[in-house]
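The values are calculated or read from the model by the stated rules, or taken from the named source; none is laboratory data. Quantities reported herein were computed from a predicted structural model and do not represent experimental measurements. For neighbour counting, all protein chains shown are included, and Cβ atoms are generated from backbone atoms with ideal geometry for every residue, glycine included. Only protein heavy atoms, including side chains, enter the accessible area calculation; ligands, DNA and RNA are left aside. Shrake-Rupley method; radii C 1.70, N 1.55, O 1.52, S 1.80 Å.
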Amino acid sequence: MKEIALLALFATAAFAQPASPVVLVVDVDNAVQYRSDIGDPAKRGTDANSTTAAAARAFTDVLFIGDIVAVNGKPAKGLWTSRQYLMNFNPAPAVGFAVADVNRGTIAECKWEFLDANGRFVGGISDSGLAPHAVTGGVGAFFGIQGQMAGGTSPNPRAIRVASMSEDPGNRRILGGGTNRIVFHLIPQQRPAVEAVLHGDYSPVTASNPARAGETLILRATGLGPLLPGTTPAGVDRFPEPPVEVNSPIEATINGLPATVTNKIGWPQETAAYRVDVTVPDGVPSGEAVLQLTAAWIPGSIFRLAIR
């Protein structure tokens, strides 16, 4: 009997697959590399004009600055910074650069601060290393996140401009810069999930009591992250009364059609449950439908519900 129980346990473990990584494709514009070529601190950031940087050598310290403009093809805002040492690692390096068994240009530490399209703070991600970079942590909606980051191909490629640190970075958008696309493969600490779907009278949506097109449903959900202002991780405190809005952008789809989100709050006196009100879009056929939430561009598991 013990052998049978162990076999059953191993079989269960074998079929229990971890959730796939979440992909975040981040587009950056107005990106400039500021090269540390000025020894006198008083002269840094003083030139209002476009500048030309001195030639790079090993140990040259640079700072990239760029604007986040889209995440997964949807408008967003935010800041990308990357501090790097130009080393040009190579088994047969050019004079003045570093010998190594790998071909890598830099050692980098990147910081990403994500805002929604209206400029509200969503969360931050840090990554570092050679290439690809290891995601070393996150804050806000990305608290506890793991993963990696690698470069992608920008849909509107434009070379990142290289400037001297004598250039005034306040003119970065006026003087212009390049584009960059980064692809994150992330394992979030938590993902959106729907626990229950209710009618407006709080009765459950069932096969015998289905939802209808145009009806606003009440979802009990988990994994939506912090409430406003987005700095306290979910689970630390009970959600307050009166309710406070979820900080992250929340989207809902039913059978792939956008469902309008009219309410997104922490369920009062709960620590990890949220209320999200969504309207069933026109065009959803009768029968079983698939509902999915996305929080801070992280898609959740699917929930099946009946539609009449």
- Item | Test result for residue 181, open to solvent by 20 Å² or more (accessible area, probe 1.4 Å), touching a Gly at 6+ places or on another chain (Cβ under 8 Å) and within 20 Å of residue 105 (Cα to Cα) | yes
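Enumerate the strands (runs of 3 or more DSSP E) found wholly within segment 259-306, keeping only those where 1 or more residues are open to solvent by 60 Å² or more (accessible area, probe 1.4 Å). Break it down stepwise before answering.
Details: elements: 261-266, 274-279, 287-295.
So the answer is 261-266, 287-295.
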- Those residues of segment 20-29 which are within 15 Å of residue 182 (Cβ to Cβ), out of contact with any Ser or Thr (no Cβ under 7 Å at 6 or more places or on another chain) and open to solvent by 30 Å² or more (accessible area, probe 1.4 Å), in sequence order: 21, 23, 25
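Select from segment 210-254 the residues that are in a strand (DSSP E or B) and in contact (Cβ under 8 Å) with a residue 60 or more places away in the chain and write down the one among them that is most open to solvent (accessible area, probe 1.4 Å). Even if it seems obvious, please write down each step before you answer.
Applying the first criterion (in a strand (DSSP E or B)) to segment 210-254 yields 211, 216-222, 227, 245-246, 250-254.
Cutting the leftovers down to in contact (Cβ under 8 Å) with a residue 60 or more places away in the chain gives us 211, 216-217, 219, 221.
Working: 211: 0, 216: 60, 217: 1, 219: 0, 221: 0 Å².
Filtering first and then ranking leaves 216.
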- For segment 137-154, enumerate the residues that are open to solvent by 30 Å² or more (accessible area, probe 1.4 Å) and under 24 Å from residue 34 (Cα atoms). 150, 151, 152, 153
- State which residue is nearest to the chain's Cα centre (by Cα) when the search covers only segment 98-127 and only residues that are within 16 Å of residue 86 (Cα to Cα) and not β-branched (Val, Ile, Thr). 110
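Within segment 31-62, track down each residue that is part of a strand (DSSP E or B) and either buried (at least 20 other Cβ atoms within 10 Å of the Cβ) or among the β-branched types (Val, Ile, Thr) (or both). Steps first, please.
Taking segment 31-62 as the starting set, the residues that turn out to be part of a strand (DSSP E or B) are 31-35, 47, 60-62.
Passing the criteria: 31, 32, 33, 34, 35, 60, 62.
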- Message: I need the full set of residues from segment 155-178 which are of a type in the set (S, T, N, Q) and open to solvent by 60 Å² or more (accessible area, probe 1.4 Å), in order please.
- Response: 156
- Task: Read through the list (1) within 30 Å of residue 208 (Cβ to Cβ); (2) among the basic types (Lys, Arg); (3) out of contact with any Phe, Trp or Tyr (no Cβ under 9 Å at 6 or more places or on another chain), then give the number of the only condition that residue 238 fails.
- Result: (1)
- Failed condition for residue 202, given (1) open to solvent by 40 Å² or more (accessible area, probe 1.4 Å); (2) hydroxyl-bearing (Ser, Thr, Tyr); (3) outside any loop (DSSP other than H, G, I, E, B), with all others met? (3)
- Give segment 197-222 a look and list any residue that's in contact with a Pro (Cβ under 8 Å, 6 or more places away or on another chain) and under 23 Å from residue 281 (Cβ atoms), or say none. 197, 198, 213, 221
